[in-house]
Amino acid sequence: MAPPPKPRDPRRPGEDAGDAPEGRPRGGLLLALFLMLLAFGLAQVFFARPASEPIRYDQFKRYLREDRIDWVSLGDAQIRGAFHEDRIPPREGERADEDGERGKSFITPRVDDERLVPQLEEAQVAFRGETQSPWAESWPTLLYIGVTILLMVFLWRTMFRRMGQGAGGVLSFGKSRGKVIQEADVDVTFDDVAGADEAKQELTEIIEFLKRPEKFRRIGAKIPKGVLLVGPPGTGKTLMARAVAGEAGVPFISISGSEFVEMFVGVGAARVRDLFEQAAKSAPCIVFIDELDALGRSRSGGQVMGGNEERESTLNQLLVEMDGFEPHEAVILMAATNRPEVLDTALLRPGRFDRQVLVDRPDRNGREAILRVHVKGVSLSDDVDLEELAKRTPGFAGADLANLVNEAALLAARHDATAVTMKHFSSAIDRVVAGLEKKNRLMDETERERIAYHEVGHALAATLSGSEDRVHKISIVPRGMAALGYTMQLPDQEKYLMTEAQIRVRLRGLLGGRAAEEVVFGEPSTGAQNDLQKATDIARAMVTEYGMSERLGPVHLARERRPVFLGEGPGLQGGEHGDRVADEVDQEIRSIVSRALEEAKALLADNRDTLDTMTRRLLDAEQLEGDELKDLLAEAVSNNRWTPEDAAAE
């Protein structure tokens, strides 16, 4: 029975897995070098004449008179000859008895000397005439040069072919750089993708089509040619595409949108054509283009900074190839982007990317499922509660959760622990959210006290205002680049809407730090800069987007967002209202923020004893969390002297 063939490397079509890897000396190059050296040696051995010592013509005539010359050959331009064996003359300046006599052969220039032949006859020297063809002396050299040129051509062709091989070859400009992963090597399935049940449901029929296409063709149904995965970074769009290929058991061709365009004109379009030819040969298969916005930006609105004709021609070729795809080819084109608003509308019309699947950040149940996937293979302590971790990580994407698990495992290994505990996960959350802890930073005691009042002010203002986002932790340990302390608030459940009252509670919590500084120290500090920025953004949204302004009424004043490709920033662009309305918007924003600050100051002034008590505890412990923090906040609520009605009265 013949041995099975070597498996082919899916990343290098046409190359066997047993081929010599890159970087190892190639047999062809070594053989060419050996042949070149061999040709040089043979030419020297077989074609090189014995060395003839040149002499002057007057010396030749003297040696002729001394009867030292045995024979001569008279050529058109030179005279060759040989001395008698026993009469070889010494070199100039040497005695005849010294070692190192000259060789037997000699050569001298031919001179127009009419007496030469008579003198040769008189000396009885054998002589002959020779008439040489132009090639007689040159053919060995020409043969050597010819062999050398042939070997150089062979070397050049070999190097050219090596440089052009593979997707990353220097000269393979027009070749697709798509990485082909055969179905046997696609080891990702839907079991490895958690927290995106709706997206998986949307993609199930794609899998069915790739597995059983006759089921759809029998009733005349056409599967979507293109599926666009849309979602924030890190939500698992690429993983989802690979899982579809793994579930369907088909090859997976992956390429990034930025790999199409190069500095040479026409390269992008050629790579698109080659990609689709490669897909047709591998059908049924899935072609996945990551970061589609790098290739498919909108072409409307004119050209920005000279435009990019090469990118546009590449996009045009992609549109043409998608139109030319036949349904029976069983090739599904999938792409991913986190900026669908900048894509060209021609890409999104029916017949191209006519189906969009949202891969959003997971909810609490999704985060718990993702954590269960990533903790496989990690030694966990019995106190680890994945449900609690899911509650404490709102807004985390799949990549963030994977990083969280890895950070917790690294911390456990650093402490020589046998398993990852809940404390390690808590520290990892702090590190991911707020940055690296800096316990060695020296800080003035007055500044440290101000920071403690600031953070406790956040916690009390939020809790006593009735915030639904529970305070989980207060810390004055410096972290990251600028955070001197932080207060962590987390919702007990996912929220998708907020009322005006809830937003105003949020504003009081944000401004509680500045309010505490003004109540205790009589003036604010620069530590509230980020709080003011967030509060101003929320107030602006209340006035211009949510219609929550008494002065301006329930109107939408937010200006239209325009694509970045049009040469403008990603923010809100030119609106339709005039300067008077803009002034009123600014005044209303200032009024909302100022009102929230005054309410926070009144709240903290009414609960000054609680503020001082919690601050002293925080200064001693540096961090308040868990049951200790819960008890302190419960006591603060029971002793609260301020109510929202007081704010309404003000």
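The values are calculated or read from the model by the stated rules, or taken from the named source; none is laboratory data. For clarity, every value in this text was computed on a predicted model and none was experimentally measured. We place every Cβ from the backbone using ideal geometry, glycine too, and count neighbours over all the protein chains shown.
The number of residues in region 603-623 that are touching a helix residue (DSSP H, G or I) at 6+ places or on another chain (Cβ under 8 Å) and outside any helix (DSSP H, G or I) comes to 1. What pairs come out if I take residues in region 361-379 that are within 18 Å of Ala408 (Cβ to Cβ) and pair them with residues that are surrounded by fewer than 21 Cβ atoms within 10 Å (Cβ to Cβ) and of a type in the set (D, E, K, R) whose C-beta lies under 6 Å away, six or more apart or interchain? From region 361-379, the pairs are Glu368/Glu387.
Considering only residues of region 114-123 that are part of a loop (DSSP other than H, G, I, E, B) and free of Cβ contacts under 8 Å to residues at least 40 places away in the same chain, which is farthest from the chain's Cα centre (by Cα)? The qualifying residue farthest from the chain's Cα centre (by Cα) is Arg115. Looking across region 191-222, the residues that are touching a strand residue (DSSP E or B) at 6+ places or on another chain (Cβ under 7 Å) and farther than 25 Å from Val375 by Cβ come down to Glu202, Leu203, Ile206, Leu210. Being surrounded by 22 or more Cβ atoms within 10 Å (Cβ to Cβ) and in contact (Cβ under 8 Å) with a residue 40 or more places away in the chain: is that true of Val244 here? For Val244, the condition - surrounded by 22 or more Cβ atoms within 10 Å (Cβ to Cβ) and in contact (Cβ under 8 Å) with a residue 40 or more places away in the chain - is met.
Yes or no, residue by residue, for (1) modelled with pLDDT under 90; (2) of a type in the set (Gly, Ala, Ser):
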| site | (1), (2) |
| --- | --- |
| Ala412 | no, yes |
| Asp416 | no, no |
| Thr421 | no, no |
| Ala434 | yes, yes |
| Asp444 | yes, no |
| Tyr453 | no, no |
| Leu464 | no, no |
| Thr487 | no, no |
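Of all the numbered requirements in (1) surrounded by fewer than 19 Cβ atoms within 10 Å (Cβ to Cβ); (2) assigned by the TED database to the domain that holds Leu618, Lys439 misses one, and that requirement is (2). Return yes when Val471 is under 16 Å from Arg617 (Cβ atoms), surrounded by 14 or more Cβ atoms within 10 Å (Cβ to Cβ) and out of contact with any Ser or Thr (no Cβ under 7 Å at 6 or more places or on another chain) and no when it is not. Here the answer is no, as Val471 does not meet what is asked. Just one of the listed residues (Leu371, Leu347) is part of a helix (DSSP H, G or I) and within 29 Å of Asp274 (Cα to Cα), and it is Leu347. Of the residues making up region 350-394, those that are in contact with a strand residue (DSSP E or B) (Cβ under 7 Å, 6 or more places away or on another chain) and farther than 15 Å from Leu404 by Cα are Arg352, Phe353, Asp354, Arg355, Gln356, Val357, Leu358, Val359, Ser381.
Of all residues in region 471-496, those being touching a strand residue (DSSP E or B) at 6+ places or on another chain (Cβ under 8 Å), closer than 30 Å to Asn440 by Cα and either in a strand (DSSP E or B) or acidic (Asp, Glu) (or both) number 11.
Count of region 513-536 residues, restricted to those that are under 21 Å from Leu611 (Cα atoms) and not hydrophobic (A, V, I, L, M, F, W, C), is 11.
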